[in-house]
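One structure below.
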Protein chains: 2
Amino acid sequence: MNQILAVGSVAFDSIKNPFGEVSRVVGGSATYFSIAASFFTRVRLVAVVGEDFADRGARLFEGRPIDLAGLQTVPGETFRWKGEYGFDLNTRETIYTKLNVFEHFQPVIPEAYRTSPFVFLGNIHPRLQLEVLDQVTAPRLVAADTMNYWIEGTPGDLREVLKRVDILIINDAEARELSHEANLVKAARAIRAMGPRTVVIKRGEHGVLMTRPGEGEFFAAPAMPLEEVFDPTGAGDTFAGGFIGSLAACGEITDAAMARAIIHGSALASFAVEDFSLDRLLRLTQDEISVRFHHFKRLTHFEEA
Amino acid sequence: MNQILAVGSVAFDSIKNPFGEVSRVVGGSATYFSIAASFFTRVRLVAVVGEDFADRGARLFEGRPIDLAGLQTVPGETFRWKGEYGFDLNTRETIYTKLNVFEHFQPVIPEAYRTSPFVFLGNIHPRLQLEVLDQVTAPRLVAADTMNYWIEGTPGDLREVLKRVDILIINDAEARELSHEANLVKAARAIRAMGPRTVVIKRGEHGVLMTRPGEGEFFAAPAMPLEEVFDPTGAGDTFAGGFIGSLAACGEITDAAMARAIIHGSALASFAVEDFSLDRLLRLTQDEISVRFHHFKRLTHFEEA
């Protein structure tokens with residue numbers, strides 16, 4: 001089995017939106033990623049939590065193929081984030097970010113994880129992403145996420161990361177900012193010239209656009225039309241988890257496998273937003289994923305006359 | 001052959017955008033619609049122009065399967081519109097609208113056109129759309145376009161039109177305004193409850209979402225990723241022309257035919273924006289349409305492992 005080494009944040013989130021409010025629920029990029037990916041393959045999670053995590057957090061990963069040997073527990077409190085969404089869920093304001101133990105996070109990759117064939121670098125400081133890459137041995141595929149904060153704040157470090165990743169997963173505004181190109185086709189090509197062979201652009205309710213060299217340069221997936229969207233928190237990381245999880249499970253990195261993986265990521269993300277926090281993912285079944293995969297097919301497929 | 005009766009505006013446009021400026025070129029909703037649809041089937045155009053049109057306008061339709069017996073020429077000047085686009089082409093300001101002869105347009109459907117099996121009602125006053133419907137005999141399919149101006153200004157007339165059309169083609173902001181629903185799935189269902197069995201929602205650079213009752217309730221098509229977009233003027237009417245043209249040529253109104261027609265519409269629209277005004281459509285070939293149809297397939301298709 002192709003394990004995935006996943007490095008990122010594990011956090012306590014508080015979320016307020018027009019449908020309700022939850023306080024101090026488990027969140028974080030690596031959490032959403034790992035749970036989504038664990039529907040497809042085994043995940044080796046590397047992150048840091050405080051001593052307040054043990055009582056409620058660890059249960060979440062139980063019974064799933066997620067290895068926790070790299071989840072460090074250190075004195076202090078777990079990373080906390082609070083966000084509030086606007087009436088249509090398209091705007092989000094951060095009320096506070098308390099890095100707590102995450103402020104001094106140094107990713108230490110356990111010996112047994114260093115040969116992981118698939119590596120996912122969650123949205124953390126590019127310096128830390130480079131430290132992870134320095135500790136792993138010839139991975140088959142490295143995927144990374146980043147955000148405007150690093151694009152603006154640490155562009156040099158980010159450039160170093162880009163030279164060493166195969167897939168960059170990024171949203172449309174970030175793609176435009178990173179490339180200084182308003183047109184997404186030009187933006188994607190400019191980013192590919194910085195290193196990553198494949199660029200996956202997340203467009204929120206408008207779906208995903210993947211670009212890579214060759215005949216099938218573009219692959220586009222719509223978002224599943226949903227009547228109720230409760231909470232978009234973690235949707236991007238859930239997408240990444242389903243995407244990389246599917247690729248790792250398949251083991252081939254072909255155009256066809258990449259396209260299928262984009263749909264798996266989109267399917268997982270479409271579930272994640274149906275309830276608060278991780279709630280929908282935690283009760284998700286393999287059968288439901290399979291049914292939604294077929295709904296995506298019905299949503300997009302057409303034939304010549 | 002399933003002819004389409006198309007009623008709408010024929011105009012002289014002046015367009016300014018970051019790539020250049022053109023003055024007094026032929027435009028109008030019925031013009032874009034007819035030229036796009038004429039790649040698939042015969043179109044019977046009903047519109048009004050002024051005496052200034054003859055010299056330059058009529059040539060445009062020559063050599064295409066577009067019947068002009070319903071194109072009235074009356075004393076006065078042709079409808080004129082001038083618009084200016086913002087730097088990323090996503091915003092557009094109307095500099096002026098001079099209705100001229102269009103102000104007193106009364107659609108008169110020639111006797112021979114009244115049994116047309118397919119009818120397209122371009123974006124004109126809902127009262128005029130109703131007058132067209134009163135003159136036709138048992139069409140197999142009626143499609144209509146509308147806009148915020150009529151949604152706000154003549155809601156009662158528009159409701160009457162909606163009861164009598166099979167397909168409403170509308171953009172996402174208009175769908176939300178017409179239904180008072182922010183969520184597009186709810187918006188589409190609310191509009192379907194007003195009459196049209198099928199609602200096609202145009203989302204600009206994000207593609208198209210079609211909804212209709214039954215198993216395949218949703219069909220989504222992305223826009224073709226384009227490196228250069230020169231002029232979005234008429235893209236929506238071009239989409240409608242390709243869509244209804246394809247449906248009429250096929251003759252079947254099944255889920256599969258509708259999906260294929262959405263792709264044909266999207267393909268035509270993707271060409272229309274590649275040059276100013278009608279220029280790209282006027283030099284378009286059937287082979288190019290066929291190649292782009294296959295590009296759409298490569299862009300969206302995936303298979304199970």
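No lab work stands behind these numbers, since they all come straight from the coordinates. As the structure is a prediction and not an experimental result, all values here were calculated from the model. Counting neighbours? That spans all protein chains shown, and the Cβs are built from the backbone with ideal geometry, glycine included.
For A:N171, which sequence-distant residues (separation of 5 or more, or a different chain) have an amide H within less than 5 Å of its own amide H, given hydrogens modelled in the peptide plane?
Residues meeting the amide H criterion: A:K202.
Can you give me the Rg/Rh ratio for the stretch A:182-298, using Cα atoms for both radii and the Kirkwood formula for Rh?
Looking at the stretch A:182-298, the ratio lands at 0.98.
Decide, for the stretch B:1-53, between rounded, prolate and oblate: order the square roots of the alpha carbon gyration tensor eigenvalues as a ≥ b ≥ c, take rounded if a/c falls under 1.5, and otherwise choose prolate if a/b is larger than b/c, else oblate.
oblate
Treating the beta-carbon of each Lys and Arg as +1 and of each Asp and Glu as -1, no other charges, what is the dipole magnitude of the stretch B:4-300 about its Cα centre, to the nearest 20 debye?
Its charge dipole is roughly 700 debye.
Taking amide H positions as placed in the peptide plane 1.01 Å from N, state which residues far from A:L71 in sequence (5 or more) or on other chains have amide H under 5 Å from it.
A:A47
Can you tell me the FRET efficiency between B:Q286 and A:A256 if r is taken as the Cβ-Cβ distance and R0 is 22 Å, rounded to the nearest 0.05?
The formula returns an efficiency of 0.15 here.
In the neighborhood of A:F276, defined by Cβ-to-Cβ distances under 11 Å, what is the net charge if each Lys or Arg adds +1 and each Asp or Glu adds -1?
After counting each charged neighbour, the total is -4.
Per residue, what volume in Å³ does the convex hull of the Cα atoms of the protein assembly as shown enclose?
Each residue corresponds to 146 Å³ of Cα convex hull volume.
Counting only the backbone N, which residues of the stretch A:40-63 are under 11 Å from the spot 7 Å out from the Cα of A:M1 toward its beta-carbon?
Under cut-off, by backbone N: A:40-44.
Two decimals is fine: what is log10 I(q)/I(0) at q = 0.10, 0.11, 0.15, 0.16 Å⁻¹ for chain A, from a Debye sum with one equal scatterer on every Cα and no solvent?
-0.50, -0.62, -1.24, -1.44
For the stretch A:242-305, rounded, prolate or oblate, judged on the Cα gyration tensor with a ≥ b ≥ c (square roots of eigenvalues), a/c < 1.5 rounded, else prolate if a/b > b/c?
Oblate is the answer for the stretch A:242-305, as a/c is 1.5 or above yet b/c matches or exceeds a/b.
I want the antiparallel fraction of DSSP beta bridges within the protein assembly as shown, as a percent rounded to 5.
40 percent
Peptide B:88-96: average number of partner chain Cβ atoms within 10 Å per residue?
That average works out to 1.
How many Cβ atoms of partner chains, on average, are near each residue of B:175-187 if near means within 10 Å of its Cβ?
That works out to 2 on average.
Read phi for every residue in the stretch A:146-158 and hand back ³J(HN,Hα) as whole Hz from Karplus 6.51 cos²θ - 1.76 cosθ + 1.60, θ = phi - 60°, with x for Gly and Pro.
Each residue of the stretch A:146-158 in turn: 8, 8, 4, 4, 7, 4, 7, x, 9, x, x, 4, 4 Hz.
Can you bin the stretch A:122-237 into rounded, prolate or oblate? Criterion: square roots of the alpha carbon gyration tensor eigenvalues sorted a ≥ b ≥ c, rounded for a/c under 1.5, prolate for a/b above b/c, oblate for the rest.
prolate
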